[in-house]
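J.: Below you'll find the structure I mean.
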Amino acid sequence: MFYTRARVINLEEVNGMGRRNLVSSRLAFRAWYYFRLGYSTYLTFVLGYASTLVTVYYLAIRNMPSLLDVFPNFAPFAVLATVGGVPLAVALGWVHMKRSRLFSSEVDVAVEANPYQYKLPPGMAKEVGTPATILTLKMLRKIAETNGLLSDSEKAAIDDLEKKLQALMEGGYVGLPRKANF
């Protein structure tokens, strides 16, 4: 079985629509994703770092005689900038993740934009986890009703939960994404 955003595609359907087209389409999108990741994370990082060092040295330091005495050529400047810049960047990253509200805001946006926060992802959660949860809920409800342990509000809450779980099983959504507060 292959999963798409719209529905589950069985192998029989894949054979009818051309499995090669589906696989090559997925391969193209995966390659595009890997390209973006590699380019933005690694290539631009190295090129940006080298470009910044070269720009600062040749446009700023070479035009200031007092700094040119300290750094007569590029290599000592690059070494000192790296030795000083790496710990500074690590400290800034740590502050970003642990001490500021910036990272939690980024995570809030990512969670709100992720459709799987409001519906079941394909796979184990949809095929095993949620059906097991529904079955467990039904069995616990029977036991609680048999022993007279449920109030009317608890029965209503269980009914509501069962409806939501069933909607998720059928590919629907529960809840609504929060609106952005600017």
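The values are calculated or read from the model by the stated rules, or taken from the named source; none is laboratory data. In this text, all values refer to a predicted model and were calculated from it rather than measured experimentally. Every residue, glycine as well, gets a Cβ built from its backbone with ideal geometry; the counts of neighbours run over all protein chains shown.
J.: Taking the options ALA89, ALA81, name whichever one is surrounded by 10 or more Cβ atoms within 10 Å (Cβ to Cβ), touching a residue at least 24 places away in the same chain (Cβ under 8 Å) and not assigned by TED's automatic domain parsing to the domain that holds ASP160.
T.: Within the list ALA89, ALA81, the selection yields ALA81.
J.: Which condition number does THR52 fail, the rest of (1) exposed (fewer than 12 other Cβ atoms within 10 Å of the Cβ); (2) over 30 Å from GLY175 (Cβ atoms) being met?
T.: (1)
J.: Right, something else. For region 46-117, which helices (runs of 4 or more DSSP H) that fit wholly inside it have 3 or more residues that are in contact with a Cys (Cβ under 7 Å, 6 or more places away or on another chain)?
T.: Counting at least 3 such residues, we get no helices (runs of 4 or more DSSP H) at all.
J.: Within the group PHE45, PHE35, which residue is within 21 Å of the chain's Cα centre (by Cα), under 16 Å from GLY85 (Cβ atoms) and surrounded by fewer than 12 Cβ atoms within 10 Å (Cβ to Cβ)?
T.: After applying the criteria, what remains is PHE45.
J.: Which of (1) of a type outside the set (A, V, I, L, M); (2) closer than 18 Å to GLY171 by Cα; (3) touching a helix residue (DSSP H, G or I) at 6+ places or on another chain (Cβ under 8 Å) does PRO122 not meet, given it meets every other one?
T.: (3)
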